[in-house]
Amino acid sequence: GFIKWILSFYPNYREINPTLVLTVLWVVMFGFMFPDLGQGIMISVLGAILAFKVKKDFFGLNLRTIGKLWIGLGVSAAFFGVLFGEFFLLENIIPALWLRPLESSNVWFLLKFSIFFGIAQIYLGLTFGLINSLKKKDRIEALLGEHSVASLTLFSGILILIIRFWTTKSLSILVDWTTLIPIAGLTAILMKSTIKKMIGEKKEGE
């Protein structure tokens with residue numbers, strides 16, 4: 001049972017393999033959250049040692065693969081360290097090519113950037129799931145499933161409500177027509193099992 005549960009997370013040959021895309025996004029987000037030129041260089045050097053000098057595995061761990069990942073993480077951290085002007089946690093050693101993250105005027109911008117980055121990842125995950133359902137020709141799952149048109153509608157509707165409340169600062173949005181968007185998405189998702197049952201009974205009747 002446990003092995004089957006683990007294997008369920010691996011894409012089969014009919015599904016999109018998100019490993020490369022998710023790895024790139026994770027590496028970029030690591031550098032954005034932990035920007036430092038000095039520490040980034042050290043992480044990359046350590047990664048290079050693991051990737052090209054260490055020949056044996058460690059307790060079943062492939063240190064060469066881990067080393068290659070660390071190289072990417074170090075490069076990302078060093079890149080954002082240059083943009084943010086950080087060198088071994090010090091901000092006055094090198095100039096910032098973009099901005100200083102700890103300055104009060106930049107904190108809110110970086111917070112919004114992180115939120116939008118997370119929203120983009122959610123949309124990407126939902127889209128990948130939708131495409132996988134279409135590739136497997138599972139139309140019900142593509143329309144009403146966990147990663148489907150209905151899920152995209154629900155998430156988009158909630159996002160619209162949040163943005164509208166943030167801009168208007170009024171609960172009047174709850175009686176606005178935009179409230180119907182997430183309600184429609186949620187209703188469609190809840191109807192999936194009923195529709196599947198109805199289709200199954202229809203096929204048995206034929």
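So here's what we get for this one:
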read-out: Inter-part distance where region 21-35 and region 151-175 are each reduced to a Cα centre, Å; value: 29
read-out: Asp57 accessible area, assembled protein chains, probe 1.4 Å, Å²; value: 90
read-out: Glu15 - accessible surface, heavy atoms, 1.4 Å probe, Å² rounded to 10; value: 50
read-out: Per-residue SASA entry for Trp98, accessible area with 1.4 Å probe, Å² rounded to 10; value: 110
read-out: Helical contribution to [θ] at 222 nm, DSSP H n ≥ 4, -39,500 (n - 2.57), averaged over the chain, rounded to 500; value: -23000 deg cm²/dmol
read-out: Highest-MSF residue in the chain out of Gly60, Gly129, Gly185 [GNM, Cα springs under 10 Å]; value: Gly60
read-out: Helix 37-52 axis, angle to the chain major axis (alpha carbon atoms, nearest 10°); value: 80
read-out: The chain: angle of helix 19-33 to the longest principal axis, Cα-based, in degrees nearest 10; value: 50
read-out: Integer Hz, Karplus 6.51/-1.76/1.60 couplings in order for region 159-167, x for Gly and Pro; value: 5, 4, 5, 4, 5, 5, 5, 5, 7
read-out: Whole-number accessible area per residue in Å² for the chain, which is evaluated in the context of all protein chains at 1.4 Å; value: 70
read-out: For region 89-119 versus region 45-73, the gap between their alpha-carbon centres in whole angstrom; value: 30
read-out: Global form of region 78-188, assessed from the alpha-carbon gyration tensor, a/c cut-off 1.5; value: oblate
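The values are calculated or read from the model by the stated rules, or taken from the named source; none is laboratory data. Because the structure is a prediction, the values reported are computed rather than measured. Accessible surface is based on the protein model in full, side chains and every heavy atom, while ligands, DNA and RNA are left aside. Shrake-Rupley method; radii C 1.70, N 1.55, O 1.52, S 1.80 Å.
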